[in-house]
Amino acid sequence: MTLTMIDARKELLGMLRSTLAQGPVKLASGKMSDFYIDGRITSLDGRGLLLIGEAFYNLYKDRGLDAVGGPTLGADPIVSAVAYTFALKGKPINAFIIRKEPKGYGKQAWVEGPALKPGAKVAILEDVCTTGGSALKAIEGLRQQYEPEIVSVSCLVDRQEGAAEAFAKAGLKFEPLFTRKDFGK
């Protein structure tokens, strides 16, 4: 079965909508929010992975990416799905995962995955963005180990609580697949 870009986005939005929590939820920042999407429910579902791979492939297929990566744990399945989709389409790219802090032994690496060449074009992916803090910390770790060209930062859902402004201030292009508005909130 072939998915059209519109059908894939519509189905992905429906899957993400089904994970919307009712009532206030405590976020990683300690802040309370009435808008909580559990992106991992979708990104760890077989169909969800297919849709996520297609959606990000359509966003990035003409950007000449060398790799996609993001902060562990939310980005782990997403970057794998995207790299796999690129390979299926005949445009193989690598995936990498950025630790929350450098490994405490061995090479003390921040980044797991194939080495990036200087100037490698990469996209940073997340499941849900709130303030952008996790992605910015991950980018800092990535830049301590490599010298990539960051094409864009993307996420499945932007909660619209400061991430866009934080990425703009850092000089980074931000391209969420969906925003809080897509959920009628």
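Some observations on this one:
- Qualifying residue in segment 29-37 (condition: polar (S, T, N, Q) and at pLDDT 95 or above): no
- Qualifying residue in segment 160-171 (condition: closer than 23 Å to SER80 by Cβ, out of contact with any Asp or Glu (no Cβ under 6 Å at 6 or more places or on another chain), of a type in the set (A, V, I, L, M) and buried (at least 23 other Cβ atoms within 10 Å of the Cβ)): yes
- Being of a type in the set (Val, Ile, Thr) and within 12 Å of the chain's Cα centre (by Cα) is a property that ILE93 lacks.
- Count of segment 11-27 residues, restricted to those that are part of a loop (DSSP other than H, G, I, E, B) and aliphatic (A, V, I, L, M), is 2.
- Any hit, segment 59-78, residues being aromatic (Phe, Trp, Tyr) and within 20 Å of ILE6 (Cβ to Cβ): yes
- A single entry from GLU147, GLU101 fulfils the requirement of being surrounded by fewer than 23 Cβ atoms within 10 Å (Cβ to Cβ), over 18 Å from GLY74 (Cα atoms) and touching a Gly at 6+ places or on another chain (Cβ under 8 Å): GLU147.
- Count of segment 115-157 residues which are part of a loop (DSSP other than H, G, I, E, B) and either under 11 Å from the mean Cα position of the chain (by Cα) or under 19 Å from ARG99 (Cβ atoms) (or both): 7
- Just one residue in the set LEU44, LEU51, LEU59 is of a type outside the set (D, E, K, R) and touching a Leu at 6+ places or on another chain (Cβ under 6 Å); that residue is LEU51.
- When segment 31-83 is filtered for residues that are of a type in the set (A, V, I, L, M), in contact (Cβ under 8 Å) with a residue 40 or more places away in the chain and either within 15 Å of VAL157 (Cβ to Cβ) or assigned to a helix (DSSP H, G or I) (or both), the ones remaining, listed by number, are ILE37, LEU50, LEU51, ILE52, ALA55, LEU59, ALA75, ILE78, VAL79, VAL82.
- Exactly one residue out of GLY14, GLY90 is loosely packed, with under 12 Cβ neighbours inside 10 Å, at positive phi and out of contact with any Pro (no Cβ under 8 Å at 6 or more places or on another chain), and it is GLY90.
- Subset tally (residues that are in contact (Cβ under 8 Å) with a residue 24 or more places away in the chain and either surrounded by fewer than 12 Cβ atoms within 10 Å (Cβ to Cβ) or basic (Lys, Arg) (or both)) for segment 19-30: 1
- Restricting attention to segment 31-49 and to residues that are of a type in the set (A, V, I, L, M) and surrounded by 18 or more Cβ atoms within 10 Å (Cβ to Cβ), the residue that is farthest from GLY162 (Cα to Cα) turns out to be LEU49.
- Test: residue in segment 106-118 that is among the charged types (D, E, K, R) and in contact (Cβ under 8 Å) with a residue 60 or more places away in the chain: no
- Options LYS103, LYS89, LYS121, LYS107: the member that is in contact with a helix residue (DSSP H, G or I) (Cβ under 8 Å, 6 or more places away or on another chain) and not β-branched (Val, Ile, Thr): LYS89
The values are calculated or read from the model by the stated rules, or taken from the named source; none is laboratory data. Everything numeric in this text was worked out from a predicted model, so none of it was measured. Cβ: placed from backbone, ideal geometry, glycine included. Neighbour counts: every protein chain shown.
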